[in-house]
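Chemist: Structure incoming, see below.
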Amino acid sequence: MDVVAALRLNMTNTDDPGARHEQRYRAAIEMAEYADRHGFAAVSCEEHHLSGTGWLPSPLVLAGAVAARTERVAVTISALLVPLYDPIRLAADIAVLDNISGGRLVIVAGMGYRPEEYAAMGRDWDRRGELMDTALETLLAAWRDVPFEHAGALIDVTPKPCTRPHPMVFAGGMTRAAARRAARFGLPFSPPMSMPDLERYYLAELERLGKFGFVHRPEPGNKLTLLHEDPDAGWREYGPYILNEAREYGSWRRAGLRRPNEAEVTTVAEVRARGYAEILTPDELLAQIAGGRTEIVMNPLIGGLPVADGWASLRLLGDDVLARLDAPAAPGVG
């Protein structure tokens, strides 16, 4: 059975404006190199702004650093908030990043759900759907081999991406409008969690429009995994840092908007019970894999988790789980 392991680098720290980040970013790049050498399938970045924990605001920059220091893993940005960018500059930045990565770049184009992020970037929240459409139209046109009209001028954005016809771009979202947009642009659809009704709606829209696409759904429900030889001790040591991130994420709730693992939590016991993250032993994770689990997402720097603890968890996954999956069976076994 193939197991997909992803290293998530959202760079959350303690909720402290004086927190230091330099060592954590340097560790993130080294962790990406380790993941590349130890059987991980992807290194994932994401985008948020104005976060008390320093939640990654510049995913293209971090993705570029990861791409330059790795050779095999997919370099993903999930999600990139495309309406917050100038679309011409974004088309060029993504094209350069696709060339640096040698075609390993994967982007989930998201619209975002926090009005304050739009205000900070001088974007009109009420026009977010229009801004999203314009951005996607511009990106797809800019990556073609011919000039196109933009703002009344004929332009040709260069360099072109190495991936043809364009880098792998998913349209993200949690609404029917997002599913319609993905189908209209002929892009694969990536909701943040399993949403069967919405997936069926997207596929029906594709059929109606005569276009091809597919759905990527995260499993198992976006839960983060950390490893520790003693999970109860792990919750005592790592729990406060997991709570840092979960508490901030929960504070961004909006009425009528469903998000994965969304819960108002104030204690480690609550965040553990709600399933925002799990802490397992290597043997427990191997047993889950034997039972059919196929995806693992690890965030070893979650919420300010000390770098040494992050490395300990990451090495348990790489050395004690993934390496054992790849090891040949002993003679007479299996």
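No value in this document is a laboratory result; all are computed from the given coordinates. The structure displayed is predicted, hence computed values, not measured ones. Note that each Cβ is placed from the backbone with ideal geometry, even for glycine, and that neighbours are counted across all protein chains shown.
Chemist: Based on other C-beta atoms within 10 Å, arrange 284, 248 from fewest to most.
Modeler: 284, 248
Chemist: Which of 134, 163, 12 has the fewest other C-beta atoms within 10 Å, and how do the rest follow up to the most?
Modeler: 134, 163, 12
Chemist: Restrict the search to region 159-237; then list the GluC sites (Glu not before Pro) that DSSP places in a loop and that have at most 13 other Cβ atoms within 10 Å of their Cβ.
Modeler: Those that pass, being in a loop and sparsely packed, are 229.
Chemist: Follow-up. Would you work out the charge dipole size for the chain about its Cα centre, treating the Cβ of every Lys and Arg as +1 and the Cβ of every Asp and Glu as -1, and quote it to the nearest 20 debye?
Modeler: Charge dipole, the chain, about its Cα centre: 800 debye, nearest 20.
Chemist: Compute the relative contact order of the chain as a whole-number percentage, counting only Cα pairs closer than 8 Å that sit 6 or more residues apart in sequence.
Modeler: 19 percent
Chemist: Calculate, in nm to one decimal, what residue 134 and residue 197 gain on full extension: separation in residues at 0.36 nm each, minus their alpha carbon distance.
Modeler: 20.0 nm
Chemist: Now for a different question. Would you look at the GNM of the chain, springs on alpha carbons closer than 10 Å, and say which of 268, 215, 146 moves the most?
Modeler: It is 146.
Chemist: Could I ask something else about it? Bin width 10 Å, alpha-carbon pairs only: give the P(r) of the chain as whole percents, running from 0 to the bin holding the largest distance.
Modeler: 5, 24, 34, 25, 10, 2, 0, 0
Chemist: Of the candidates 115, 57, 240, which one comes out as most mobile in a Gaussian network treatment of the chain with C-alpha springs shorter than 10 Å?
Modeler: Of the options given, 115 has the highest mean-square fluctuation.
Chemist: If we count other beta carbons within 10 Å of each Cβ, what is the order of 184, 104, fewest first?
Modeler: With the fewest neighbours first, 184, 104 line up as 184, 104.
Chemist: Starting from region 127-161, pick out the trypsin sites (Lys or Arg not before Pro) whose DSSP state is loop and whose Cβ has at most 14 other Cβ atoms within 10 Å.
Modeler: Those satisfying the criteria are 144.
Chemist: Please compute the modelled spin-label separation between residue 26 and residue 127, points set 7 Å along Cα→Cβ, answer in nm with one decimal.
Modeler: Rounded to a tenth, the inter-label distance reads 4.3 nm.
Chemist: Rounded, prolate or oblate: which fits region 41-97, taking a ≥ b ≥ c as square roots of the Cα gyration tensor eigenvalues, rounded meaning a/c under 1.5, else prolate when a/b beats b/c?
Modeler: oblate
Chemist: Moving on. Go through region 10-77 and name the GluC sites (Glu not before Pro) that are in a DSSP coil and have 14 or fewer other Cβ atoms within 10 Å of their Cβ.
Modeler: Within region 10-77, the qualifying GluC sites (Glu not before Pro) (loop, at most 14 other Cβ atoms within 10 Å) are 71.
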